[in-house]
Amino acid sequence: MSGQSVYKPQSPFMQWLERRLPIASLVHSSMIAYPTPRNLNYWWTFGGILTFMLGVQIVTGIVLAMHYTPHVDYAFNSVESIMRDVNYGWLLRYLHANGASFFFVAVYIHMARGMYYGSYKEPREVLWILGVILFLLMVATGFMGYVLPWGQMSFWAATVITNLFSALPWVGDPIVTWLWGGYAVGNPTLNRFYSLHYLLPFVIAGVVVLHIWALHMVGQNNPTGVEPKTDKDTVAFTPYATAKDAFFIGLFCIFYAWFVFYIPNYLGHSDNYIVANPGQTPTHIVPEWYYLPFYAILRAIPNKLLGFIALGGSIVILAFLPWLDTSRVRSANYRPMFRQFLFIFFAVVIGLGYLGSQPPEGGYVIAARILTAYYFIFFIVILPLLGLLEKTKRLPNSISESVLRHGTPAGAAAPPPSGAKA
């Protein structure tokens with residue numbers, strides 16, 4: 001799906017290079033001439049934002065690693081030294097810590113957009129699965145990074161989360177022992193997490209390349225869910241999409257900078273400014289905010305093994321979304337019932353995030369169980385049934401028709417596409 005390259009090198013050096021390594025024509029066909037649906041909105045800019053934030057995290061992480069000491073006796077003080085003694089160390093750390101949060105803000109919006117517009121449907125199943133793999137890698141990387149400051153919340157979060165693997169029969173205890181590097185969270189654990197936290201961002205970058213490759217093979221989805229049919233349905237990626245991406249990345253960076261410079265600790269936890277103490281358990285152990293919905297699902301199940309399965313299943317089930325959603329129509333703009341249930345699902349995830357930040361007692365636990373039930377019912381029951389029962393709206397004949405508002409209004413009721421039931 002990459003655009004037809006019309007790149008013709010002008011200089012003798014580029015002509016020489018093009019015959020031996022046609023990287024310039026590859027960039028031209030993939031980043032300049034690449035055909036993009038003409039009706040993309042600003043929700044499609046979050047892919048570029050995620051790429052930008054990954055670069056920020058890798059660059060700031062490499063510099064921070066030069067000054068960090070991965071030892072339980074020195075880790076906490078080395079972070080304080082970065083903040084106080086390293087030139088612009090405070091800025092690097094706040095960029096990195098808040099960058100993790102904004103990375104997850106962007107990925108949640110990116111995933112929500114994909115769910116709303118059906119970007120997981122055929123032929124983009126592999127593209128979606130690679131996105132879920134990227135999300136899992138981000139979860140692991142972010143968790144390991146949270147442990148590195150070796151504050152109270154870091155230590156006890158590591159203790160609680162790694163202990164979950166012990167619920168697995170036969171293999172659980174060996175896994176926990178390997179993660180800990182012994183029989184308790186300690187210096188070997190910190191060294192393992194430091195090594196993996198440094199390595200995984202480069203693995204993420206590699207999977208991002210595969211993700212973009214898969215995107216270029218099948219082409220971008222669009223708000224109508226109708227595939228481009230003619231040249232009138234598409235525009236060149238540059239300057240149209242790149243200008244839009246650059247503008248919204250700028251707005252995103254303003255919001256990001258506001259947190260970094262004015263409220264850098266707002267998204268963190270105050271207990272992490274207390275050095276780790278294995279002999280003193282915090283009153284309420286909570287992970288970072290972007291894990292709270294899954295933490296609520298874990299605590300909603302009274303059985304440790306079932307809770308661990310529900311926690312993992314809540315993410316893994318996303319990979320099966322292309323097959324659980326049986327409707328032939330992609331965009332929620334043309335699926336009124338699906339849109340209502342999807343908005344409820346988004347509200348449920350936000351509600352689980354709030355419940356994950358509250359003590360696991362009383363009404364909070366009951367509410368978490370109700371919302372957890374809806375979370376899984378949405379995927380296992382509602383989506384398959386909607387594909388059979390939902391009456392969809394008429395799709396436009398082409399992207400150009402939807403943009404230029406020609407022909408029958410897009411919202412007019414009509415029989416669903418062939419293969420779908422009214």
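Restricting attention to region 329-347, the residues that are within 24 Å of the chain's Cα centre (by Cα) and outside any loop (DSSP other than H, G, I, E, B) add up to 12.
Residue by residue through region 259-273, note down the ones that are hydrophobic (A, V, I, L, M, F, W, C) and modelled with pLDDT of 95 or more. Scanning region 259-273 gives Phe259, Val260, Phe261, Ile263. The residues of region 358-368 that are in a helix (DSSP H, G or I) and surrounded by fewer than 16 Cβ atoms within 10 Å (Cβ to Cβ), listed by number, are Gly362, Gly363, Ile366.
Rundown of residues vs (1) closer than 18 Å to Phe155 by Cα; (2) among the aromatic types (Phe, Trp, Tyr), yes/no style:
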residue	(1), (2)
Pro239	no, no
Ile249	no, no
Phe255	no, yes
Asn272	yes, no
Gln280	yes, no
His284	yes, no
Leu292	yes, no
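In this entry, Asp231 passes the filter for residues that are within 19 Å of Asn41 (Cα to Cα) and at pLDDT below 95.
Within region 383-405, the set of residues being crowded, with 17+ Cβ neighbours inside 10 Å and part of a loop (DSSP other than H, G, I, E, B) comprises Glu390, Thr392, Arg394, Leu395, Pro396, Ser398. Only one of the listed residues (Leu91, Leu95, Leu130, Leu64) is part of a helix (DSSP H, G or I) and under 12 Å from the mean Cα position of the chain (by Cα). That residue is Leu130. Residues of region 313-341 that are closer than 11 Å to Tyr120 by Cα and either modelled with pLDDT under 95 or among the aliphatic types (A, V, I, L, M) (or both): Leu318, Ala319, Leu321, Leu324.
Examine region 19-28 for a residue that is farther than 30 Å from Val185 by Cβ and charged (D, E, K, R), and state whether such a residue exists. Yes, there is a match, as at least one residue in region 19-28 is farther than 30 Å from Val185 by Cβ and charged (D, E, K, R).
Gly225 meets the conditions (1) without any contact (Cβ under 8 Å) to a residue 40 or more places away in the chain; (2) among the small types (Gly, Ala, Ser); (3) in contact with a Lys or Arg (Cβ under 9 Å, 6 or more places away or on another chain) in every case but one. The failed one is (1).
The values are calculated or read from the model by the stated rules, or taken from the named source; none is laboratory data. None of these values were measured; they are calculated from a predicted model. Cβ: placed from backbone, ideal geometry, glycine included. Neighbour counts: every protein chain shown.
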